[in-house]
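The values are calculated or read from the model by the stated rules, or taken from the named source; none is laboratory data. Please read all numbers here as calculations on a predicted model, not as lab measurements. In this analysis, Cβ positions are derived from the backbone assuming ideal geometry, glycine residues included, and neighbour counts consider all displayed protein chains.
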Amino acid sequence: MLAAVAGALGLLLAWGLFAPRGQWRVLHGWATRDPDTAEPGDAVHGVRRFICAVGLLALLAVVSVVVWNRAAEQPVAAAPANAVERMWGTPTPRLIDRVVVPQGADPEGLVPSPVLAYQELDRGFAPTYLVTMPRYALLGDPAPDGLLGADPGDDFNAFGISDILFEVEGPLLCIPRALVLVDGETEVNVGVYWGLPGAIEQDHVAGCRLDGTLQRVLIPVQLPSELEGRIVVNSFGEPISAVEVDED
C-alpha cells in the first residue's frame, strides 16, 4: 500500500516537473470555459515546476530512508561454522600446549571444574587444526606461575605426543593447576583442578568460584595405556562426551 501511494505521488510530481502545462490542462483546464485564455503564465508554471522538483527530492529521500531501515532490519545470515567451531563450539577454547604429568590423587585446596568433552588423538599424528589453535594465556602471560604441565621446548608440541585432548571449563582469572587421572580397566577417570596463579598457599576456593565468568581450555594428555573402548568419566563419575575430529 505504501509503495503504491509513493509511486503515484512520484508520477504526479514528475509530471508537474517535466510537463507543467500539460498537467494543468488535464487537471484544471477542463474546468474553465477557455483553457487557452485561463492558462497561467510561464512564471506560475516555473513555480509549479520548482515545487514539484522539491517534492520529488523529498519523496526520494523518504523512500530511501524507509528502504534502508527495512533492509537493516532483515536478519543477517550467520557465517557457516568452521571445523573448530563444529567440534568445540564458541567461543573457541584456548589450547594449553604443555606436557602434563597426571597426578593420582585429588589435590587439596584447589577447585575441581567440569570436564566437558574429550577427543582421542593418534599419538604422533595429531589433527592439523591444533597447529593453528589459539594458545592459552592469562592476561597475556602464556605460562603463569603454577600452570599445570611443562613447556615442551622449542620446535616441539605437547599435543603431538598425546593420546587424548580434554575440554575443560574453569574460572576466568584462575589457571588449571593439576590434572588427576585414574587409568582403570573399564574407564578412565579424569579431573582438573583450578587455582589462583602464583604461590600454592592461597585461598583458591574463594578466589576461583565457578558461578562467575568462565573460560574453556583444551589440555592434551598422554595416557598410561591406550583407551581401547573404555569410557571416560569426570571426577564426579559422570560420562564425558567424545568429540570426533572434524577438519575442513
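The rows are residues; the columns are (1) within 18 Å of Leu138 (Cα to Cα); (2) over 31 Å from the mean Cα position of the chain (by Cα); (3) surrounded by 10 or more Cβ atoms within 10 Å (Cβ to Cβ).
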| position | (1), (2), (3) |
| --- | --- |
| Leu214 | yes, no, yes |
| Arg230 | no, yes, yes |
| Val233 | no, no, yes |
| Phe236 | no, no, yes |
| Pro239 | no, no, yes |
When both residues are 6+ apart or on different chains and their Cβ atoms are under 9 Å apart, which pairs have a first residue that lies in the stretch 135-161 and is of a type in the set (Lys, Arg), and a second that is in a loop (DSSP other than H, G, I, E, B)?
Arg135/Ile96; Arg135/Asp97; Arg135/Pro142
For Tyr118, which of the numbered conditions (1) in a loop (DSSP other than H, G, I, E, B); (2) closer than 30 Å to Glu244 by Cα fails to hold?
(1)
Restricting the search to the stretch 155-178, which residues are more than 26 Å from Arg209 (Cβ to Cβ) and more than 27 Å from the chain's Cα centre (by Cα)?
Asp155, Phe156, Asn157, Ala158, Gly160, Ile161, Ser162, Asp163
Starting from the stretch 96-117, keep only residues that are assigned by TED's automatic domain parsing to the domain that holds Ala158, then list their pairs with residues that are polar (S, T, N, Q) and assigned to a loop (DSSP other than H, G, I, E, B) whose Cβ atoms are within a distance under 6 Å, requiring at least 6 positions of separation or different chains.
Asp97/Asn157; Pro112/Ser235
Going through the stretch 58-103 one residue at a time, which ones are of a type in the set (D, E, K, R), part of a helix (DSSP H, G or I) and surrounded by 13 or more Cβ atoms within 10 Å (Cβ to Cβ)?
Glu85, Arg86
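If you go through the stretch 131-150 one residue at a time, do you hit one that is touching a helix residue (DSSP H, G or I) at 6+ places or on another chain (Cβ under 6 Å), crowded, with 18+ Cβ neighbours inside 10 Å and not hydroxyl-bearing (Ser, Thr, Tyr)? Please lay out each step first, then the result.
Let us first name the residues in the stretch 131-150 that are touching a helix residue (DSSP H, G or I) at 6+ places or on another chain (Cβ under 6 Å), namely none.
No, the conditions are met nowhere in the stretch 131-150.
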Taking the stretch 104-115 and the residues there that are part of a strand (DSSP E or B) and of a type in the set (A, V, I, L, M, F, W, C), the one that is nearest to the chain's Cα centre (by Cα) would be Val115
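Tell me whether the stretch 199-213 contains one or more residues that are assigned to a strand (DSSP E or B), among the polar types (S, T, N, Q) and in the same structural domain as Glu185 (by TED's automatic domain parsing). Lay out the reasoning, then the answer.
Step one: of the stretch 199-213, the residues assigned to a strand (DSSP E or B) are none.
The answer is no; no qualifying residue exists.
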